[in-house]
Structures are given as structure tokens and as C-alpha cells.
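**Student:** This is the structure, below, for whatever I ask next.
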Amino acid sequence: MLVAFPVERTELNRIADHVSQLIVDQGLECIETLWLAHERTLQIFIDDRDRQKTITVDECATVSRLLNEDTSLDELFDSRYNLEVSSPGLERPLRLLRDFQDHLGKEVYVQLTGKVQDRRKSKGLLQAVETPTAGEPVVAVTTDGGTWTFGLHQVQKAHLLYDWNDGAGS
């Protein structure tokens, strides 16, 4: 099945899950996938499954080779594309519930699939992640305009914000 353009979040999540299955034996997981349409580039962000060690360039190269050998990604796209495999970096992507829970109290940037409380994107302090007994997890971010709450399923893209001016990060 070919991926429709622009690539929807559900498709990117499906690709991330597929990549995670391919690299689980290396003790790694895919934490995010992004499609850069103007460059026709699929970005894959990997991390240690236990989050106990930093990802090396060699691990990125190994995953890149595994993905190049796996033809199922090629079947998703109707023409050539570039593949980039990377570590999470200082502005770590946030996609899974665990990602948000692990980074409470940190500065984040969030972009949603649609508007919630009159905004689609904002930055602020990751305040809370609540999981109701029945239903989707809810994220709360404190912004300059007040508390912004949204469902985890509404997140298109999110990442930590690093303070490049002081070098210490948020």
C-alpha cells in the first residue's frame, strides 16, 4: 500500500512501529518518524529501548543498513526517497505516552493535527499527562496563554526545546 502525500501521522506511526520491530533485536526502538516532503526524506529517530545509553553513529549506520535491506519501506513510496537515521538529539522528539511522561517539567514544542483551544501549535512547560480509566491520554502544557490541554492522539509533532543560548537546556 502506497503512502498518500502529505504523509499522515497515522502512516508515520505505522512506519515507526514497523521500524521498531526490525530493530528490537539490537536493543533499539524507533521513537519518531518524520517526512520532509520538500526533500523527499524519511527521517527515522532511534533510541535505546531502556533509555540507558546514548545512541552511537555506528548504531545509526547499522539501522540504516537494516532498513535499506528491508524492501517493505520501499513499497510504501512510489518513487525515490532519502532515508536518514538519527539519534534523538538535544531536542528529542516526543511521540509515545512514555515520552511525555518521562519529560514532565521540561520545555516542549507541540504541533497538533487540528486546532484545540484556538491553537494548533505552541510551546511551553510540559505540566501533566493524565490517563483516564477509559479513554485517550490527555496532555497539559503551560503556555504564555494559559494551560493548553489536548489528547495524545491529536499530536502531529512534538519535541523538547533546548535553550541554545545558555547551553544547559530546559
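The values are calculated or read from the model by the stated rules, or taken from the named source; none is laboratory data. All values derive from a computational prediction rather than experimental measurement. Neighbour counts are summed over all protein chains in view; Cβ atoms, including those assigned to glycine, are modelled from backbone coordinates with ideal geometry. Just so you know, the surface numbers come from the protein's heavy atoms only, side chains and all, with ligands and any DNA or RNA stripped out. Shrake-Rupley method; radii C 1.70, N 1.55, O 1.52, S 1.80 Å.
**Student:** So in region 62-92, with the set limited to residues that are aliphatic (A, V, I, L, M), open to solvent by 30 Å² or more (accessible area, probe 1.4 Å) and over 27 Å from residue 164 (Cβ atoms), which one is nearest to the chain's Cα centre (by Cα)?
**Tutor:** Top of the filtered list is 83.
**Student:** Return a yes/no flag: does region 54-76 have any residue that is touching a helix residue (DSSP H, G or I) at 6+ places or on another chain (Cβ under 9 Å) and either basic (Lys, Arg) or within 16 Å of residue 156 (Cα to Cα) (or both).
**Tutor:** Looking through region 54-76, none of the residues is touching a helix residue (DSSP H, G or I) at 6+ places or on another chain (Cβ under 9 Å) and either basic (Lys, Arg) or within 16 Å of residue 156 (Cα to Cα) (or both).
**Student:** Here's something else I'd like to know. Any chance you could count how many residues in region 100-127 are farther than 17 Å from residue 157 by Cα and surrounded by 15 or more Cβ atoms within 10 Å (Cβ to Cβ)?
**Tutor:** Count: 1.
**Student:** What number goes with the only condition from (1) over 20 Å from residue 43 (Cα atoms); (2) small (Gly, Ala, Ser); (3) touching a residue at least 40 places away in the same chain (Cβ under 8 Å) that residue 134 does not pass?
**Tutor:** (3)
**Student:** For region 128-149: of the residues being open to solvent by 50 Å² or more (accessible area, probe 1.4 Å) and in a strand (DSSP E or B), which is modelled with the lowest pLDDT?
**Tutor:** Per the criteria, the residue is 130.
**Student:** Oh, and also: Which of the residues spanning region 21-44 are outside any strand (DSSP E or B) and surrounded by fewer than 17 Cβ atoms within 10 Å (Cβ to Cβ)? Reasoning before the result, please.
**Tutor:** Applying the first criterion (outside any strand (DSSP E or B)) to region 21-44 yields 21-27, 37-40.
Correct list: 21, 24, 25, 26, 27, 37, 38, 39, 40.
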